[in-house]
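First comes the structure, then the notes that go with it.
The values are calculated or read from the model by the stated rules, or taken from the named source; none is laboratory data. Just so it is clear, the model here is predicted, and its values are computed rather than measured. Every residue, glycine as well, gets a Cβ built from its backbone with ideal geometry; the counts of neighbours run over all protein chains shown.
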Protein chains: 2
Amino acid sequence: MKALAIDFGGTHATCGLVEDRALLSCETVDTDRARSLASVLPTIAETFHKLAQRQSLSMQDFAGIAVGFAGLVDSRTGRITATNGKYEDATAIDLDAWSRKTLGIPLRIENDARMALLGEFFAGAASGFTEVVMMTLGTGIGGVAMIEGKLLRGKHAQAGCLGGHLPVLFTGRICTCGAIGCAEAEASGWSLPLVVKDWPGVEHSALSKHTEVGFKELFEESARGDSVAVAIRDRCLNIWAADAVGLVHAFDPEIIVIGGGVMKSADVIIPYVEQYVQKYAWTPWGKVQVRAAALGNNAALLGAVPLLSEN
Amino acid sequence: MKALAIDFGGTHATCGLVEDRALLSCETVDTDRARSLASVLPTIAETFHKLAQRQSLSMQDFAGIAVGFAGLVDSRTGRITATNGKYEDATAIDLDAWSRKTLGIPLRIENDARMALLGEFFAGAASGFTEVVMMTLGTGIGGVAMIEGKLLRGKHAQAGCLGGHLPVLFTGRICTCGAIGCAEAEASGWSLPLVVKDWPGVEHSALSKHTEVGFKELFEESARGDSVAVAIRDRCLNIWAADAVGLVHAFDPEIIVIGGGVMKSADVIIPYVEQYVQKYAWTPWGKVQVRAAALGNNAALLGAVPLLSEN
C-alpha cells in the first residue's frame, strides 16, 4: 500500500510518501510562525503534490493520507479534541473533508505518539510484539499503549496515550497538561531548565556555563563528572524508569520501546530503564524488555499504512 | 441467573448466594490461620451446601460459581498467577476442576477488585456507565479499569488491575509489589503506620496515644484538630487524588468509584478527590465524576453474575 503521511509537531510538519514499511521521500515544512492549522494546509498540499510529481505518482496512487498530530485526537471521529496551546483552530477543522476536496483521497488522523508506536510495531523495534508501550522522551514525554495488537483508545480516545502524564511526584510541579508532578513536568525537555534552575549548588556546577541546559548538555556534563549534572541526570533516569514501571502496571506490555530526541543518550538510558523495570515492576509472567526505537524521526510516518489499514 | 460467589481476602472468605442484583444470603469463613488454599476448600464447599439447603436450593440451581481472589488472576485460563504472600499453593490449583468435581458446577475466577468493579457496574454506583475506574482504599489500594463496557485485562491479565501501584513518589518506599513509591506504599492501611512512625513531631501528637494508627484513628484525630494527624491525612488525600488523576490519564474513565474500609470517611474523601480530579486531570471532553461505592463489602459477590455472563 502507498500512503501519504504527515508528522505534525509544534514547530514543523514532515510530509512523507510511504509504501508499506519504506519511506519513499519526505520534506519538512517549517510551521514555527504559523498561527493556525488552516494557514498551513495549502503548503502541506503543495508539498505532497511536489513529492508525488518527483516520483511520477499522482494522488490516486495513494490509499489515503495519515496524519500524526501532537495533541489529543479521536481517530474514529477524525477530530483533534485538544491541542494544548498550539493551533487553536485545529479542533474545528474537518481534515478528512479538506483532504478529499484538495487531494482527492481520504484522511485519517491520530495522536503522533500513537502513530509512532504503530510505526515501530509495523516496521521497527516492536515488530513481532502485540503488547507494547512506547515512551517518547523529548520536549514532552509521550507514553502510548497497544494491547493485544490494538492501540488502546477508550471512549474519548484518551486511554493509553497520556503515559507521560502519570504523577511520579505528587508534590511536584504543575504540568502543561494541568496536573501535578507528571513525569513530563519533572523530566522532559521543557521542564529540565526549571529543575536545573532550582537545583542546590547549580551556580558552582559546569551546567551554569550553558545559557540553556538541554539533555545534550546534561548528559555531556554528567559524562565529564560534574556532580550536579550527575545528580540531575540520575533523577531524570529514575523518573523515566518509575514512569515505565507505572506504564507496565497500567498496560501489561511485553516490550517498552523508547524514542525521542533524548535517545541520543540511549546507551545510558536503555540499560538503566530496563534494569529498573526488570527489578521493580510486578510481572510474575516474565520480564519486560526495553528497547530503543528503531525508526527515529520516521516512526510516525511509517505508522501511516497500519493506521489506514485499521478497521 | 442464580450464582454462587466467593470473595477471598487474606484473612477471611465470604461465600454468598446471589440472584442477579440481589445477595440472597452469605456467610464468612475465617481463613486467617489457613496455610494453604487447598486446606480451605472443603470448608468452602460445606458452607455453600449449607447456604443452599437453607434456601431449599440444590447446586444445580446455580449457573456456576464466581471467585474473587486477592491476587493476580487470569480469568481466561482460570488460574491465579501470583498471590503476593498468602496461599502460595494457589497458583497450582485448578479451581474449576475442583468445583466441577465437588459442587458439580463450573467456576470462574477473577481478581477481587475486578469483581467489585463488575458488581458496582452491574448493581451499584457505576450502573449505567461503560468507562469506569474503581479504587479500593483499604489494607492495600486496588485500582481497576473498565473500558467500553469491558474489564481491561491484557495478555497476562495484568492490565487495568494494578492501579494502586502507580508510582506517586518516585523516591518513596518499597511496596509489597516490589516497586518504589506506589500509591499503596505511601497511603494504604499497611503503609500508614510506617508513615506515622517517621513523621516529624509525631511523639507530641495525639496519634502517639494509639498503639497502632489506622485510618479510623487518623481521621478521628484530624477531626479533633491534631496538626500532625491533619498533615498526614492531607498527604493521604493528595496521594489518593494523584493516583486518581493517573488512572484518569491511563484509562479515560467517566466515573471513578471509590470503595474499601477507608470509605467510612467518604464524606471527606469523595469531595476532595472529585474536586482534585476535576481541577487537575486533563479531560477536555468533560468532567470525571467521583462517587462512593454503593455495595460495600458485597460488591465483589454481586460481580458474580456479570463475570459468569461474560463470553
Top-ranked residue of the range A:251-272 - restricted to ones that are in contact (Cβ under 8 Å) with a residue 60 or more places away in the chain and charged (D, E, K, R), ranked as farthest from the other protein chains (Cβ to nearest Cβ): A:254
Selection from the range A:167-192 of residues that are closer than 13 Å to residue A:140 by Cα and either away from chain B (no Cβ under 14 Å) or in a loop (DSSP other than H, G, I, E, B) (or both): A:175, A:176, A:177, A:188, A:189, A:190, A:191, A:192
Scan of the range B:146-178 for residues that are of a type in the set (Gly, Ala, Ser), in contact with a Lys or Arg (Cβ under 9 Å, 6 or more places away or on another chain) and buried (at least 24 other Cβ atoms within 10 Å of the Cβ), ordered by number: B:159, B:160
Within the range B:61-104, strands (runs of 3 or more DSSP E) holding 1 or more residues that are touching a helix residue (DSSP H, G or I) at 6+ places or on another chain (Cβ under 6 Å) and on the phi > 0 side of the Ramachandran plot: none
Selection within the range B:30-71 - of a type in the set (Phe, Trp, Tyr) and over 23 Å from residue B:84 (Cβ atoms): B:48, B:62
The range B:254-266: number of residues that are in contact with a strand residue (DSSP E or B) (Cβ under 9 Å, 6 or more places away or on another chain) and either outside the structural domain of residue B:150 (by TED's automatic domain parsing) or part of a helix (DSSP H, G or I) (or both): 4
For residue B:131: the one exception among (1) closer than 20 Å to residue B:240 by Cα; (2) within 13 Å of chain A (Cβ to nearest Cβ); (3) crowded, with 23+ Cβ neighbours inside 10 Å: (3)
Flag if residue A:140 is at pLDDT below 95, over 23 Å from residue A:45 (Cα atoms) and small (Gly, Ala, Ser): yes
Selected residue (only one of A:104, A:160, A:154, A:142 is over 18 Å from the mean Cα position of the chain (by Cα) and within 13 Å of chain B (Cβ to nearest Cβ)): A:154
Condition check for residue A:88: more than 16 Å from residue A:303 (Cβ to Cβ) and surrounded by fewer than 19 Cβ atoms within 10 Å (Cβ to Cβ): yes
Criterion: of a type in the set (Ser, Thr, Tyr) and in the same structural domain as residue A:19 (by TED's automatic domain parsing) - qualifying residue of A:139, A:81: A:81
Top-ranked residue in the range A:273-311 [being in a loop (DSSP other than H, G, I, E, B), hydrophobic (A, V, I, L, M, F, W, C) and surrounded by fewer than 21 Cβ atoms within 10 Å (Cβ to Cβ); ranked as farthest from the other protein chains (Cβ to nearest Cβ)]: A:294
Test: residue in the range B:199-215 that is more than 16 Å from the chain's Cα centre (by Cα) and within 30 Å of residue B:110 (Cβ to Cβ): yes
Test: residue A:304 is farther than 20 Å from residue A:138 by Cα, touching a strand residue (DSSP E or B) at 6+ places or on another chain (Cβ under 8 Å) and not assigned by TED's automatic domain parsing to the domain that holds residue A:146: yes
Selection count where residues are of a type in the set (Asp, Glu) and either touching a Pro at 6+ places or on another chain (Cβ under 9 Å) or buried (at least 22 other Cβ atoms within 10 Å of the Cβ) (or both), scope the range A:209-224: 2
Enumeration of residues in the range A:179-200 that are among the acidic types (Asp, Glu) and buried (at least 16 other Cβ atoms within 10 Å of the Cβ): A:184, A:186
